[in-house]
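In what follows, a structure is listed as structure tokens, so that the remarks can point back to it.
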Amino acid sequence: MDKAEEQTPPKLALKPQEGGDIRSRWEWVEPMVWTERMLAALETGVEGGKWYRLIDKVWAEGNLNRALEKVIENGGSAGIDRQSARELGRHREKEIGDLQRELREQNYRPQAVRRAWIEKPGSKEKRPLGIPAVRDRIVQGALRHVIEPIFERDFAPRSYGFRPGRGCKEALRRVEELLKSGHGWVVDADLKSYFDTIPQDRLMERIRRKIADGRVLTLIEAMLRAGVMDSAKGWQPTESGTPQGSVISPLLSNIYLDPLDWLMADSGYEMVRYADDFILLCESESHAQAVLETVREWVTKEGLTLHPEKTRIVEASQPGGVRLPGLPLRARHEMAAQEEHGPAQRHDTDENRARPGTQHGGDMPGHQSDPWRLV
């Protein structure tokens, strides 16, 4: 474990509150999973800081059905089994019953993720996109319903991607505030192949700090190690990373970077992060250089890599200055869509959930969905 993490106590992004309706404070959670009693425990904290006996909530029929509804609404492409969401929905009762039995009897095995390659905006490169089988998206969605509030409670406030009630506009607004306050030197950081290189063992360590249900942990590990099926290379193991495109991947990616968020906050550094894209805004060039060195040390210790060509220090007032990589364009699309149609209410596609810079949770009140459809 990294020394900095050992010394950093748990933080509360959402402080326990007294009075008012607890449901209104957690309006985005699934009520069939999170009872008011559980929400009260979430706000006040559970003994030892770890949650036990969660697997029964994952396989609960109502939770699986709700996850299926979202998958059907999202549409998207089929996985390696070529079964569409609507086709599975026609046999809803049987499919949910099968999944429930497999999870209960510990016979559930996620299939390999189908790998597709999509154009990378502004580049000749292509980005790998993972497309899980529909039944696996259902299980991942049901799992996310259960564990996301546990981690969201303590996430640092300056990350904006894949989170309820946050999005491109909020991130850009914060950047603008910092620029106006004199933070004109910017560390523009780029994590090289972040989603593909997250060390799975260290990721699981972070998850175990809050989740103590062994069957839930085993389920997450099975999802991480299901492998990918590439049309050109065939089946390949996934010994690192979280496949882009999986429903659970955005949450896992935020879990891994949350200690960096808190390290920057505790050190007094102004960081704005949107998934794996982040910038740090400083008052001087020397301050920016010191911040970059701190980030580089943390990234290296945690098994990640800063892109040597894309990571840079810039002065915001110069031509081509401050930018949150890829974010302004996404924000313009998002804002334009909201101006034309009002706040987005649809569910994001599962593909959009894990593409860096898109939001998951368009199905949740307060989320802003990316209007692009990828596959």
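Phi-derived couplings, Karplus 6.51 cos²θ - 1.76 cosθ + 1.60 at θ = phi - 60°, listed residue by residue for region 290-304: 5, 4, 4, 5, 4, 5, 4, 4, 5, 4, 5, 4, 8, x, 10 Hz, with x used for Gly and Pro. Below 14 angstrom from the Cβ of Arg92, what's the summed charge of the other residues (Lys, Arg +1; Asp, Glu -1)? Spelling it out: positives minus negatives among the neighbours equals -1. For the pair Arg312 and Glu47, label points projected 7 Å from Cα toward Cβ lie 5.6 nm apart. For Arg90, Arg153, Arg296, the ranking by accessible surface with the largest value first comes to Arg90, Arg296, Arg153, using a 1.4 Å probe.
Remark: region 105-204 carries 36 Å² of accessible area per residue (probe radius 1.4 Å; ligands, DNA and RNA excluded).
The lysines within cross-link reach of Lys310, meaning a Cα-to-Cα straight distance under 22 Å and a gap of 8 or more places when in the same chain, are Lys120, Lys124, Lys126, Lys192, Lys301.
Taking the accessible area of region 257-303, probe 1.4 Å, and keeping the other protein chains in place, the carbon and sulfur fraction comes to 43%. Ordered from largest to smallest accessible area (heavy atoms of protein chains, 1.4 Å probe), the residues His287, His91 come out as His91, His287.
For region 227-272, the solvent-accessible area of protein heavy atoms averages 33 Å² per residue (probe radius 1.4 Å; ligands and nucleic acids excluded). What's the carbon and sulfur percent of region 68-215's accessible surface, probe 1.4 angstrom, rounded to a whole number? Looking at region 68-215 in its full context, I get 44 percent from C and S. Multiplying the residue separation of Arg23 and Asn65 by 0.36 nm and removing their Cα-Cα distance gives an extension gain of 13.0 nm. Ranked by the mean number of other Cβ atoms within 10 Å per residue, highest first, peptides 194-200, 131-137 order as 131-137, 194-200. Using θ = phi - 60° in the Karplus curve 6.51 cos²θ - 1.76 cosθ + 1.60, the 3J(HN,Hα) couplings for region 199-209 round to x, 5, 5, 6, 4, 5, 4, 5, 5, 5, 5 Hz; x is entered for Gly and Pro. Considering only alpha-carbon pairs that sit under 8 angstrom and 6 or more positions apart, the relative contact order computed for region 15-130 is 17 percent. The local environment of Ala212, defined by Cβ-Cβ distances under 10 Å, has a net charge of +4 under the rule Lys, Arg +1 and Asp, Glu -1.
The values are calculated or read from the model by the stated rules, or taken from the named source; none is laboratory data. In this text the structure is predicted, and so the values were computed from the model without any measurement. Positions of Cβ are generated from backbone atoms using ideal geometry, with glycine treated the same way; all protein chains shown enter the neighbour counts. The protein model used for the area step is the full one, side chains on, heavy atoms only, and it has no ligands, DNA or RNA in it. Shrake-Rupley method; radii C 1.70, N 1.55, O 1.52, S 1.80 Å.
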